[in-house]
Amino acid sequence: MKKTDTQNNVMEEIISLAKRRGFIFQGSEIYGGLAGTWDYAPLGVALKNNIKNLWWKRFVSDREDMYGMDAAILMNQNVWKASGHVDTFADPLVEDLKTSRRYRADHLLEAAGIDPKGMKLADMDAAIKKHGIKSPDGHPVGEVRHFKMMFKTHVGAIEDDAAISYLRPETAQGMFVNFKNIVDTFHPKLPFGMAQIGKAFRNEIAPRDFTFRTREFEQMEIEYFVAPSDWEKIFEHFRQQVHAFTDDIGLPNTKVHELEVADEDRAHYSKRTIDFEFDYPFGKKELYGLAYRTDFDLKAHADKSTVDLSYFDEEAKTRFVPHCIEPSFGVDRTVLAVLTDAYTEDSMAGEKRVFLKFKPSVAPVKVAVFPLLKNKPDLVAKAREVYNQIRKVIPQTMFDDNGNIGKRYRRQDEIGTPLCVTVDFDTIEQGTGVTVRDRDTGVQQRVPLENLIAYLSDKLN
Ligand code: GAP
């Protein structure tokens, strides 16, 4: 589907704000960039860390059945042979016959209003020919073929086939290959899960839509091992947990949609997949996935490595290979969903205002503290004292004395700070406390200093 001018404009505004205010920069910008890479700046890192921490809390620290991991990105090439990625991890590609530029065949079909879901390479090829679909530059395109998406590299000093390794395209395999280590070390009872957050890499043919489709990104994944007869119950549990997590980070449930993925569109390892799609400004697109990976991966690694990856159930006195439910969350797509959802324009005091309406739990700065004037040492000293007290309880607090108070409010609104505390002359002369301004309403409330931390904490919850 073609994007409207309004959708494009909103994305341009968000990308510009992300750069101007220090959330996300283009990767390698001073050299003209590197397509499909983005660099997170201080506020982007804080936003991303808040999201990752909320995920880790919900899925790891608040549970007794989850084992956290941080596996190596580079793995033995046999991992990717066994998992099926070396043979099958590919996207459909066409080449512009004039410019040699490469495009995703399914994207060209979508742009022409044809749904590519369920189509094999030959079907896409036939549809492109039948409808005379051209490249975005208006030139004919060649045959649709597979393009392998894993980044290949060599490990060590000799560049032969034995030294081939890949940058992992999913974090999942780092958990499957450690299944036995976790069982031998912690002796968990089924069902139990392994969870990790880490980088993944895919040589996407057409990175696009800001951080939505990139070549380097982060995933938060769980491989949850179950007895085969339990898979539906646990699948349902994680379906609900995905929604609970989107609530944690403030995404409205009206913008999160479930899509039951058809047999022919599922990954080779999955017997059931639900995609969770989000209403981005550029359309309804995949945010997360939930897959029933069966015993595909453990069996494949047991076969290839010849290491037994079965589990002995003490109560039932049976040995079997556990099945796996996999909720998979993209960090960068989450940041983008949160950013685009939070982006708000309104008018305040007769002026147009742009602000990020973050849920406080994800806001990179929760509280900003100002002295009313920056050239009055008494005000500055008191504001610093208040700032240091708040920071002990609410660490994501910042001190801001740049520009006048109006500019500071605008800046804090643009970075989505829920609360601004101003120390003024009444604070030091009358002892009447400080003003606390609410980002969304602009309303200011006078709060005595002795109640300030309780008041702020309450507002942020
Ligand atoms: N282990 C399963 C797996 O990797 P996936 O649907 O290919 O499944 C999971 O990826 C999630 O990773 C997606 O739902 C998305 O959030 C994120 N993701 C995948 N490719 C991405 C890309 N090129 N750029 C940013 N995020 C991506």
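Where the second residue is away from the ligand (no atom under 11 Å from the Cβ) and open to solvent by less than 90 Å² (accessible area, probe 1.4 Å) and the first is closer than 19 Å to residue 86 by Cα and lies in region 263-276, which pairs have Cβ atoms under 7 Å and are six or more apart or on separate chains?
Between residues of region 263-276 that are closer than 19 Å to residue 86 by Cα and residues that are away from the ligand (no atom under 11 Å from the Cβ) and open to solvent by less than 90 Å² (accessible area, probe 1.4 Å), the close pairs are 265/118; 268/84; 268/88; 269/84; 269/296; 270/292.
Where residues in region 344-379 are part of a strand (DSSP E or B) and of a type in the set (Lys, Arg), which of them is farthest from residue 52 (Cα to Cα)?
352
Please go through region 200-218 and pick out each residue that is part of a strand (DSSP E or B) and touching a Lys or Arg at 6+ places or on another chain (Cβ under 8 Å).
Of all residues in region 200-218, those part of a strand (DSSP E or B) come to 200-201, 208, 213, 216-218.
Those that are part of a strand (DSSP E or B) and touching a Lys or Arg at 6+ places or on another chain (Cβ under 8 Å): 200, 201, 216, 217, 218.
Quick grid of which residues meet (1) farther than 17 Å from residue 265 by Cα; (2) modelled with pLDDT of 95 or more; (3) not small (Gly, Ala, Ser):
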| position | (1), (2), (3) |
| --- | --- |
| 91 | no, no, yes |
| 101 | yes, no, yes |
| 123 | no, no, yes |
| 153 | yes, yes, yes |
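Of everything in region 170-187, what is in contact (Cβ under 8 Å) with a residue 40 or more places away in the chain and either more than 12 Å from the ligand (Cβ to nearest atom) or in contact with a helix residue (DSSP H, G or I) (Cβ under 7 Å, 6 or more places away or on another chain) (or both)? Give them in sequence order.
Start the filter on region 170-187 by keeping residues that are in contact (Cβ under 8 Å) with a residue 40 or more places away in the chain, which leaves 170-180, 182-183, 186.
Selection gives 173, 176, 177, 178, 179, 180, 182, 183, 186.
If we keep just the residues of region 78-103 that are assigned to a helix (DSSP H, G or I) and out of contact with any Phe, Trp or Tyr (no Cβ under 7 Å at 6 or more places or on another chain), which is most open to solvent (accessible area, probe 1.4 Å)?
87
In region 376-394, is there at least one residue being of a type in the set (Lys, Arg), out of contact with any Asp or Glu (no Cβ under 9 Å at 6 or more places or on another chain) and buried (at least 18 other Cβ atoms within 10 Å of the Cβ)? Lay out the reasoning, then the answer.
Just the residues of region 376-394 that are of a type in the set (Lys, Arg), to begin with: 376, 382, 384, 391-392.
Now narrow it down to the ones that are out of contact with any Asp or Glu (no Cβ under 9 Å at 6 or more places or on another chain): 376, 382, 384, 391-392.
Next, only the ones that are buried (at least 18 other Cβ atoms within 10 Å of the Cβ) stay: 382.
The answer is yes, given that some residue of region 376-394 is of a type in the set (Lys, Arg), out of contact with any Asp or Glu (no Cβ under 9 Å at 6 or more places or on another chain) and buried (at least 18 other Cβ atoms within 10 Å of the Cβ).
Is it the case that region 277-296 has a residue that's surrounded by 16 or more Cβ atoms within 10 Å (Cβ to Cβ), within 22 Å of residue 186 (Cα to Cα) and modelled with pLDDT of 95 or more?
Yes, that holds for at least one residue.
Restricting to region 277-293, and then to whatever is without any contact (Cβ under 8 Å) to a residue 40 or more places away in the chain and of a type outside the set (Asp, Glu), can you tell me which residue is nearest to the ligand (Cβ to nearest atom)?
Only one residue fits best here, namely 289.
Quick check on region 188-234: of everything there that is polar (S, T, N, Q) and within 12 Å of the ligand (Cβ to nearest atom), which residue is farthest from residue 281 (Cα to Cα)? Before the answer, list the steps.
Taking region 188-234 as the starting set, the residues that turn out to be polar (S, T, N, Q) are 196, 203, 211, 214, 219, 229.
From what's left, within 12 Å of the ligand (Cβ to nearest atom): 196, 203, 211, 214, 219.
Working: 196: 29, 203: 24, 211: 13, 214: 17, 219: 22 Å.
Only one residue fits best here, namely 196.
Only one of (1) in contact with a helix residue (DSSP H, G or I) (Cβ under 7 Å, 6 or more places away or on another chain); (2) not in a strand (DSSP E or B) is not met by residue 288, so which one is it?
Result: residue 288 passes all but (2).
Can you go through 353, 266, 319 and tell me which one is away from the ligand (no atom under 11 Å from the Cβ), at negative phi and at pLDDT below 95?
Of 353, 266, 319, the one residue that is away from the ligand (no atom under 11 Å from the Cβ), at negative phi and at pLDDT below 95 is 353.
The values are calculated or read from the model by the stated rules, or taken from the named source; none is laboratory data. This one's a predicted model, so the numbers in the text were calculated from it and none came from an experiment. Cβ atoms come from the backbone with ideal geometry, glycine included; neighbour counts cover every protein chain shown. Side chains included, ligands, DNA and RNA excluded: accessible areas come from the protein's heavy atoms. Shrake-Rupley method; radii C 1.70, N 1.55, O 1.52, S 1.80 Å.
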